[in-house]
Amino acid sequence: MRLKDLLRILLINSLFANGVNLLFLTDWTQRIWQTWQYGIGLGLVVYGLQAVMLYFLCKPYQKNLPFRKGLSLPSFAMGFSVAVAIWVVAQAAAVILNGAPVVYPTSEKLLRFLAVFGLNTIIGAFLEELVFRFLPVEYGRQAGLRKVQLGVLDLGTTGLFAITHLSAYLFRLQVQWDHLLGSLLNPFVTGLVMVLMYRATRNLYFIAFLHAFTNNDLYLVETPYSFLTCLTVVALWFAVRYMKNRTTRRLTT
């Protein structure tokens, strides 16, 4: 994969996302969103189209991309387990340290959350992380880029990730032009955090679950410890990976 091939995939996905955001502003889609079950169906259609598009865009390079290793069942189990553990620990810390009250959701709210999260939110987050984190990181690895070059690559791809949200900010949230740059800083900074976490963990499922829960959360306890817990876990994860890689290099030399 060449740099222009990577940029082509990112730009096409960015244009697709902006087009979908505009489509969601039409009257007929707004009527669909009034019933959340129909909204899930519409989301599945959109994400299905994006997945097919992404498949054909990546098909020429799939032999050189470690899809099997990066998307394996053990990786899923690890990513899901750690993400759930962070969710539990962050709330438990708020209860133990702050005495925060636990508020249980109604069965209807829980059912709706699980349906939307499992059939829409996590799929959208996974596809975005696959495009804007997995592909650029693998390109940088295969191209043998140095640290400074990797930093430039991360900034550039994260910028495109932020632009993916352009139409949503302009037309759905109706952000004024003079406030647009400041608004786009939110997905830009989030994208930088995600790519750094992905480089540290190399677990796409973990990053996708974090991304999804950022977009659609369900807390039993209002907690200020989510991000701190996440950073601690990622740092420990990175340390374990580093020590394993170091041991492997010693054994092979």
**Message:** Highest mean first, how do 10-21, 119-130 rank when packing is the count of other Cβ atoms within 10 Å averaged over residues?
**Reply:** 119-130, 10-21
**Request:** Kindly put Ile40, Ile9 in sequence by how many other C-beta atoms sit within 10 Å of each C-beta, fewest to most.
**Result:** Ile40, Ile9
**Request:** Of the listed pairs Lys4/Lys63; Lys4/Lys59; Lys59/Lys244; Lys59/Lys147, which have alpha-carbon separations greater than 22 Å here?
**Result:** Lys59/Lys244; Lys59/Lys147
**Message:** How high is the relative contact order of the chain? Use alpha-carbon pairs under 8 Å, at least six apart in sequence, and give a whole percent.
**Reply:** 35
**Fill in**
If R0 = 25 Å, then Arg246 and Arg146, at their Cβ-Cβ distance, give a FRET efficiency to the nearest 0.05 of 0.80
**Prompt:** Which order do peptides 46-56, 203-213, 188-198, 174-184 fall in by mean Cβ count within 10 Å, highest first?
**Reply:** 203-213, 188-198, 46-56, 174-184
**Item:** About the Cα centre, charge dipole magnitude for segment 3-252 (Lys/Arg +1, Asp/Glu -1 at Cβ), debye
**Value:** 1300
**Prompt:** Can you list the residues of segment 177-216 with backbone N under 14 Å from a point 7 Å past the Cα of Phe113, pointing along Cα to Cβ?
**Reply:** 213-216
**Item:** Relative intensity, log₁₀ I(q)/I(0), of segment 3-252 from a Debye sum that treats every alpha carbon as a point, q = 0.16 Å⁻¹
**Value:** -1.40
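Values quoted throughout were computed directly from the atomic coordinates according to the rules given, and no laboratory measurement underlies them. It should be emphasised that the depicted structure is a prediction, and the values quoted were computed from it without experimental measurement. Neighbour counts run over all protein chains shown; Cβ positions are idealised from the backbone, glycine included.
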